[in-house]
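Working notes, beginning with the structure itself.
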Amino acid sequence: MKNPHYRTVGLVGEGQFGKVYGAIVRETGELVALKELNPQKFSTKRFLREIRILLKLEHPNIIRCYGVAHSGDKRYLVTEYCEGGSLRDLICKSQTISLLQRLKIVLDILDGLHYAHTEGIIHRDLKPENILLSVTSQGWKAKISDFGVAKIEREDTNGSVGDTGSPAYMAPEQFYGKYYYASDIYATGVILYELLVGDRPFKGSPYEIMLGHLNRPPVFPKNLPASLRLILRQALQKLPQHRFRTALEMKGEILRAILELEDSGVSFYDKLLPNRLSLNLIQQNLLQEKVNFIVTRDRAIYLAGDKKVVVKTFLFNSRKKVFEFCFKTLYFFERVVKHLTVLENGCLVATGGDSLPYFDFYHCHGQKCQILGIKTSDLRYGAATDGSWLAVSKIKHEEEGFQLINLKKLAPVTPLIKEFIPKQIIGLDRRHGVVIYTQDNINKDYTYFRFFNRRGMWYDTYTVFVPLTGVVFHSRESKAFLAREKQTNNMILIKFYPFSVQRIPLSFYADYYLPLNEGFCCINRDGKIALVGLDGEMMGESKIGIVDRINSAAPLLEDKIILLGEKDGQQKLLVYEIKVSVDNINRKIVPLEEYRITKGK
């Protein structure tokens, strides 16, 4: 799409009436969704109706509409962007979200419905595909979208209409062309049923589904608590007048059920996948000298000690499944090695270690060359993959900020930028990098990703509504990042172009996470390992038991990892091959084994 006001950044998906794009507002940098409306499927009358409805609705649980955009003969609805996907996406994940989180999502839907109903709007097509999500520090926030077949009640009282909704979620009266506020209550009841039971109340062909809605009572699991069963039974009554009178009334009953079922806290997830990860120990090597951490790239491994770095190359004998490590270079430093970044031509080493807030940078490529020193309260930097520039957090004249430095000319590209203090800086390639920061004066739970180029120009800023720590970039998968959600075991998978955020539960606290071909390998110091796919699926977990502690970890080739382990005071290098079992993953929400609300995220 070409438009002077919007720059598209990726295809988000394709809906019933056309494609949906993510786009940046050129003037403000705000991220929005552009919903293409195919005139053959979405008439001008319906287009004007949805515009009119959306522009009058302003509620935190309803997708905001900003206006209309045109490109050639195509027209687009400009709306709020939701990075968490749809409720259908969440339902199709194999992880089981907790009872409280399921009920919270339905409470959000009811809040949005109550507001729409007070404005005289009946949605008439509520379904998980039309419920969009934002990932927040409290779980998920649901927003109602797609009012394309909605009706303004006071403008049409005869109840006749051609498009009536989706059969699986339609109230009985809608099959006769009638609709009421209670029709939306019924659809919400079907969504709640699916979230609690793991399936819709009626299945089969469209005709069989219609017969179920018209004639058959829904079946409830025996272990479903009475309070939830009563809510579903009333919401799914065949006659509109027998259902909850308002969305607010249904919300009140759910809140009472939460209090009844509540134990001592909140959990995002109740059930994780069983272990399916196969770890094959290829070899282990005893280390003669202390190593603090390891870094790898291509066929080189960097072993960082206190004041030296050993560089080794390796060959992999695929027949014998053995790595042959060969000594290449040794670098000595006057101060402690704090960090090491591998470049296309050698490595960049940062040293420090005394009580003074000063750090020195060296370029090591056959020879060691000191390039610059900086003053900073905490070492945060990122470098171009070819070593042409360095982005740092530094102190100048007692003020701290961000600066981009040309390493070839040893000259600043930008002045000291003091509007934020970087939490992390990542060099993405030769030309681009990203600064990750928070702004407590706005919201301490928000994490910002701000992209820049080698000339010091900012070009995109994204907000993740979750507090993050330890962001890792997947260099093989363009613009994919994994981070840990603060104060939880959850991982957050972030993708850009288009922008998406997914929460992934782990059964342990990950200290290291490494990019592999399959996704990210998450590891903790006690030897627990999990593999997270690039689609956000948990692919399996396992445990290493031959060492007491893991002190460092790095990826090796496409499907292997190398670990720096410790056993009885001795250090070992352990090389593992990771394989994923071919078990069928049930990519569908499953019923809860226990309908209660328990503590822990």
Next item on the list: Among the residues of region 43-69, write down those that are at pLDDT below 85 and out of contact with any Leu (no Cβ under 9 Å at 6 or more places or on another chain).
Entry: SER43, THR44, LYS45, LEU48, ARG49, ARG52, ILE53, LEU55, LYS56
Checklist line | Lone unmet requirement of (1) at pLDDT 95 or above; (2) over 30 Å from ASN443 (Cβ atoms); (3) out of contact with any Pro (no Cβ under 9 Å at 6 or more places or on another chain) for GLU155 | finding: (1)
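Yes/no per residue for (1) part of a loop (DSSP other than H, G, I, E, B); (2) crowded, with 19+ Cβ neighbours inside 10 Å; (3) more than 15 Å from the chain's Cα centre (by Cα):
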{"site": "GLN502", "(1), (2), (3)": "no, yes, no"}
{"site": "ALA510", "(1), (2), (3)": "yes, yes, yes"}
{"site": "ASN517", "(1), (2), (3)": "yes, no, yes"}
{"site": "CYS522", "(1), (2), (3)": "no, yes, yes"}
{"site": "ILE529", "(1), (2), (3)": "no, yes, yes"}
{"site": "GLY536", "(1), (2), (3)": "yes, yes, no"}
{"site": "MET539", "(1), (2), (3)": "no, yes, yes"}
Notebook entry, point to check: Name the residues in region 204-224 that are surrounded by 10 or more Cβ atoms within 10 Å (Cβ to Cβ) and of a type in the set (Phe, Trp, Tyr), would you?
Noted result: PHE220
Notebook entry, point to check: From the set of residues in region 25-42 that are over 27 Å from the mean Cα position of the chain (by Cα) and surrounded by fewer than 13 Cβ atoms within 10 Å (Cβ to Cβ), which is modelled with the highest pLDDT?
Noted result: GLN40
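Do we have TYR513 as aromatic (Phe, Trp, Tyr) and touching a residue at least 24 places away in the same chain (Cβ under 8 Å) here?
Considered against the rule, which asks whether it is aromatic (Phe, Trp, Tyr) and touching a residue at least 24 places away in the same chain (Cβ under 8 Å), TYR513 comes out as yes.
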Check: Looking at (1) surrounded by fewer than 22 Cβ atoms within 10 Å (Cβ to Cβ); (2) in contact (Cβ under 8 Å) with a residue 40 or more places away in the chain, which is the only condition PHE47 fails?
Finding: (2)
Check: Does region 354-369 hold any residues that are surrounded by 15 or more Cβ atoms within 10 Å (Cβ to Cβ) and touching a residue at least 24 places away in the same chain (Cβ under 8 Å), and which are they?
Finding: PRO357, ASP360, PHE361, TYR362, HIS363, CYS364, LYS368
Notebook entry, point to check: Can you tell me which residue in region 326-353 is surrounded by the fewest Cβ atoms within 10 Å (Cβ to Cβ), limited to those that are farther than 20 Å from SER388 by Cβ and either outside the structural domain of PHE316 (by TED's automatic domain parsing) or of a type in the set (A, V, I, L, M) (or both)?
Noted result: LEU330
Margin query: Within region 370-427, take every residue that is of a type in the set (Gly, Ala, Ser) and out of contact with any Leu (no Cβ under 7 Å at 6 or more places or on another chain) and give me the one that is surrounded by the fewest Cβ atoms within 10 Å (Cβ to Cβ).
Written below: ALA411
Checklist line | Every residue from region 225-247 that is under 31 Å from the mean Cα position of the chain (by Cα) and either over 16 Å from ALA187 (Cβ atoms) or not assigned by TED's automatic domain parsing to the domain that holds LEU110 (or both) | finding: LEU228
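The values are calculated or read from the model by the stated rules, or taken from the named source; none is laboratory data. Predicted model, so just to flag it, every value in this text is computed and none were measured. Here the Cβ is made from the backbone with ideal geometry for all residues, glycine too, and neighbour counts use every protein chain on show.
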